[in-house]
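Input: a single structure, listed below in C-alpha cells.
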Amino acid sequence: MPTPVETVVPAPEQLVHSEVERILHTFLAERALGRDGEPALPEELWPVLATYALRGGKRLRSLLCVMGWHAAGRRNVPAYVIRAAASLELFHACALLIDDVMDDSELRRGAPTAHRALARNGASDGAGRFDERLGVNAAILLGNLAFTWSDELFRGAGMTPGQLRRGYMELDAMRTATVYGQYQDLLAAHQGSFRAEEALYIAHFKTARYTVEAPLRLGAALADADDELLGGLSDFAVPLGIAFQLRDDLLGVFGDPAQTGKSHSDDLRDGKCTVLAALAVSLGNATQAARLLELLRAGITDAEDQDEARRLMEATGARAAVEERIGALKGEALSALDATRMPRGVSDRLRDIAGSSLARVA
C-alpha cells in the first residue's frame, strides 16, 4: 500500500450538494428567462426540466468531481470546480431525458417522464390519449437543450485555458463512451442478445464511465493531476461504476417504485440485456432458460408474466449471483483505492461513497 500524502479534509458532502443545487437553480432560472435577445424557455418545459435537473437526485457525479479535486491534494474548492461539477448534473439530465424516450419509460423521480408529460400539450383523441409524437420530439429537444446548457455552464465556469483543455479531454471521452454504451444497449435489446460479457460492456461504457470515472478524473484533471493519479482513480472508478449499474439492474426489476421513483417493469418490458437477465439465462436449466428467453425477447408487458420472470431470476440464482458480483467489484474498487497514493481523508471519503452508493434502495 502506498504511503498517503498529507491528510486533506474534503468539503462536507452536504455543502457540495447545497452549492451545486444553488448553482443549478440560479443558472437554469437565468437561462429560462432568456438573455441577449434569446427567447425565454417555453413555460411548459420548465417543470419538466426541473424534474430532471433540480428535483431529487443524489448528486453523486458532482460530489465525485469535487473528490477528484481533493484527491490531487487540493484543499479549498474554488467556485469554478463547483460549477464544473454542476455541469455534470445537466449532462446527466440530458442522458436521462433521452434514455427515457428510448425506453418509453413512464416515471422519473416519481413524476411522469418528459415525453409523457409533454405529450399532454398536444391534442387528445377524446379517449385520454395525447400526441405521443409531440411528446417524444419535445423531450429529445429538451435533452439537447440540457446538453447545450451543460456545456455552457462548464465553459463559463472561469477556468484557465489549460484547465479547460484538460477538462474537455475528460468530458469528450465521457460523452463518446456514453453514446457508444447507449447504442450497444439498444442493439442488444433489438437482437435479443443475453450474454453476460455484452451486458458488462454496456455497464462499463453506458454507466461506469460517466457516473464514476469521468467525474473523478475531471476534478483531478482540473487540479493538474499526473497520469499516475488519473490511472489510479480509473482503476477504482470502473469496477465501482459497473457495480453501481448492477445495483440499478436489481432495482429495475425488484425495486419498489415508491422508493426508486421509476418503474420496475421497464427492463422486463424492453428485454434489456442486463447482467441480471444474462446470468438468469446462463444459470438456469434448459426449461428455465428457454422460458426466460421467450418472455424477454417478446417484451414482457403482462404483470403476471413479469412476476414469472422475477421468480425465474430468483430460482436460477441470478439475483444472488448479481449481489455476489457487486460485492466482488466493490472489493476490486477498494483494493485499487488502497493502491493509489492520495490524501488519507479523501481515500476514506471515497470508501464511504462506495459503500453508500452500492447499498442504496433508490
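Might you let me know whether the range 112-120 holds any residue that is assigned to a helix (DSSP H, G or I), among the basic types (K, R) and crowded, with 17+ Cβ neighbours inside 10 Å?
Residues of the range 112-120 assigned to a helix (DSSP H, G or I): 114-119.
If we keep only those that are among the basic types (K, R) too, we end up with 116.
This time we only want the ones that are crowded, with 17+ Cβ neighbours inside 10 Å, so: 116.
For the range 112-120, residues assigned to a helix (DSSP H, G or I), among the basic types (K, R) and crowded, with 17+ Cβ neighbours inside 10 Å: present.
Looking at (1) touching a residue at least 40 places away in the same chain (Cβ under 8 Å); (2) within 19 Å of R155 (Cβ to Cβ), can you tell me which one E38 breaks?
Result: E38 fails condition (1) only.
At pLDDT below 95 and crowded, with 23+ Cβ neighbours inside 10 Å, is that true of D267?
Yes: the conditions hold for D267.
Which residues, taken from the range 296-312, are in contact with a Gly (Cβ under 9 Å, 6 or more places away or on another chain) and surrounded by 18 or more Cβ atoms within 10 Å (Cβ to Cβ)? Break it down stepwise before answering.
First, pick out the residues of the range 296-312 that are in contact with a Gly (Cβ under 9 Å, 6 or more places away or on another chain): 296-300, 312.
Once the filter is applied, which keeps residues that are in contact with a Gly (Cβ under 9 Å, 6 or more places away or on another chain) and surrounded by 18 or more Cβ atoms within 10 Å (Cβ to Cβ), the range 296-312 yields L296, I300, L312.
Can you name every residue in the range 15-26 that is closer than 17 Å to E152 by Cβ and in contact with a Lys or Arg (Cβ under 8 Å, 6 or more places away or on another chain)?
First, the residues of the range 15-26 that are closer than 17 Å to E152 by Cβ: 20, 23-26.
Listed by number, the residues that qualify are V20, I23.
Filtering the range 75-108 down to residues that are within 18 Å of L187 (Cα to Cα) and charged (D, E, K, R), which residue is surrounded by the most Cβ atoms within 10 Å (Cβ to Cβ)?
Filtering first and then ranking leaves D100.
Determine whether A290 is free of Cβ contacts under 8 Å to residues at least 40 places away in the same chain and in a helix (DSSP H, G or I).
yes
Mind checking which pairs have a first residue in the range 323-345 that is within 15 Å of A359 (Cβ to Cβ) and modelled with pLDDT of 95 or more and a second that is in a helix (DSSP H, G or I) and β-branched (V, I, T), Cβ under 6 Å, 6 or more apart or different chains?
From the range 323-345, the pairs are L329/I242.
Suppose we filter A86, A71, A79, A117 for residues that are of a type in the set (A, V, I, L, M, F, W, C), farther than 20 Å from H25 by Cα and modelled with pLDDT of 95 or more; which single one remains?
Answer to the selection: A71.
Kindly establish whether S105 is in contact (Cβ under 8 Å) with a residue 12 or more places away in the chain and in a helix (DSSP H, G or I).
no
Check E6, E44 and return the single one that is within 26 Å of A225 (Cα to Cα), in a loop (DSSP other than H, G, I, E, B), charged (D, E, K, R) and touching a residue at least 12 places away in the same chain (Cβ under 8 Å).
Values: E44 fails: within 26 Å of A225 (Cα to Cα).
Every option except E6 fails the conditions.
Among the helices (runs of 4 or more DSSP H) contained in the range 301-362, which hold 1 or more residues that are hydroxyl-bearing (S, T, Y)?
Per the criteria, 318-338, 344-358.
The values are calculated or read from the model by the stated rules, or taken from the named source; none is laboratory data. Since this is a predicted model, take the numbers as computed values, not measurements. Using ideal geometry, Cβ is built from the backbone for each residue, glycine included, and neighbour counts are taken over all protein chains shown.
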